[in-house]
Amino acid sequence: MKFPNAVRPLREMAGLTRSELARRAGITPQALGLIEQGRVSPSTHVALRLAKALSTTVESLFDPEQRTVTPPGAGRLRTERVVLAEIAGVRVARSLEDSAQPVPSDGLRDESGCTDWMTSFDGSMARVFLSGCDPALSLLAAWVNRQGRACEAVHFLATNAGAMAELESGRTHIASVHGTKDDVRSLLHGRDAVVLSLARWRMGWVVPRDNPRRWMIETGFREARPRIVNRPRGAGARALVDEALRREGVRADEIAGYDLEVKTHQAVVQAVAFGGADVGVAHEAAATSEVAFVPIREETTWLVMKRASLHHPGVQQVLDLLQSDRFRRDLAAFGPYDVSVTGAEMHVKSRRKT
């Protein structure tokens, strides 16, 4: 290359077509092609627009020395770690802020949105994103990562509604939702998808170990007036809280802590265990000996994926694990989980467009 640059690899990492990046930079796709081939050097204005569109710096694009010897921590304040994966043929960069487990980042994004890429994502690693709140997803990701170097999994925390939104927008390979079959069908809104069972378990009230208010045994919200710790809107646990309030005719603003939201089932348990709340709704697998668990209902965690993603090696690795006796035995012990349903498919009828 007469004029070496990193435009093409960074464009591909960002999941942009040549036409899309050219449009953002205000040039033709043909001109961008010449730049990527190193046959021409862009003007300062074009270089700045390319850097902005790729969330990086001009130096990172066009100065080979800057790209290779910039010491960690130098220059801009980097505040966000990001990781890459390919979803439906598009390279997607996601913040690791909502990752449920420690994951090495592919790049560091500063406050201005510029990203310093630390790896070159060449597609040799089949990384799969899992979105949902069930603690079992982190175990599933760990099993994928144990299997070998060809595949890698990252578990992102998300509510039922959030996981489905990420699947629909192309930000995750697999959305995990929990509830009854009717709950899942309602979330699908008639979409054509593959739905497999991960495990069956119980959702319940989490209260202090000695349950001093006799919660949901002798009293409820109206009589006990407990301080509650809640999950975000769109979470299945929050829906159960709202259902209990409606049943008792109690308004949300009458309950202390209703707007106190935590991201995980484990955080609900911790809030109750350490005295920050009197009650919360959580997954039985998150309960500890420091709290009492009062079951509400049995639920199933379902893995939802688009049919087009079934050929993805990372998704295939997940499907293989659902049929693995070793994984099932480990999952059952990790729970409590009922793994007799693990890998079973829910038949979902798609709505025909008229």
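Taking amide H as placed 1.01 Å from N in the peptide plane, the amide H of Ala158 sits under 5 Å from that of Gly132, Cys133, each at least 5 places away or on another chain. Per residue, the convex hull spanned by the Cα atoms of the chain amounts to 177 cubic angstrom. Of all DSSP bridge pairs formed entirely within the chain, close to 75 percent run antiparallel. Both numbers refer to the Cα atoms of the stretch 76-202; Rg and Dmax are 15.4, 49 Å.
Can you send over the carbon and sulfur percentage of the accessible area for the chain, probe radius 1.4 Å, protein chains only?
On the way: 8730 of 17580 Å².
Answer for the chain is 50 percent, counting heavy atoms of protein chains only.
Computed over the Cα atoms of the stretch 230-272, the ratio of the radius of gyration to the Kirkwood radius (Rg/Rh) comes to 0.96. What separates the Cα centres of the stretch 228-297 and the stretch 311-342 is a distance of 28 Å.
Would you kindly calculate the mean projected area, averaged across all directions, of the convex hull enclosing the Cα atoms of the stretch 170-259, in square nanometres?
Projected area, direction-averaged: 7.9 nm².
At a probe radius of 1.4 angstrom, the accessible area of the chain per residue rounds to 50 square angstrom. Total lysine pairs in the chain at Cα distances under 26 Å, for residues eight or more apart or on different chains: 8. Mean projected area of the Cα convex hull of the stretch 209-354, taken over all directions, amounts to 12.1 nm².
The values are calculated or read from the model by the stated rules, or taken from the named source; none is laboratory data. Computed from a predicted model, the values in this text were never measured in an experiment. Keep in mind that these areas ignore ligands, DNA and RNA; they rest on the heavy atoms of the full protein, side chains included. Shrake-Rupley method; radii C 1.70, N 1.55, O 1.52, S 1.80 Å.
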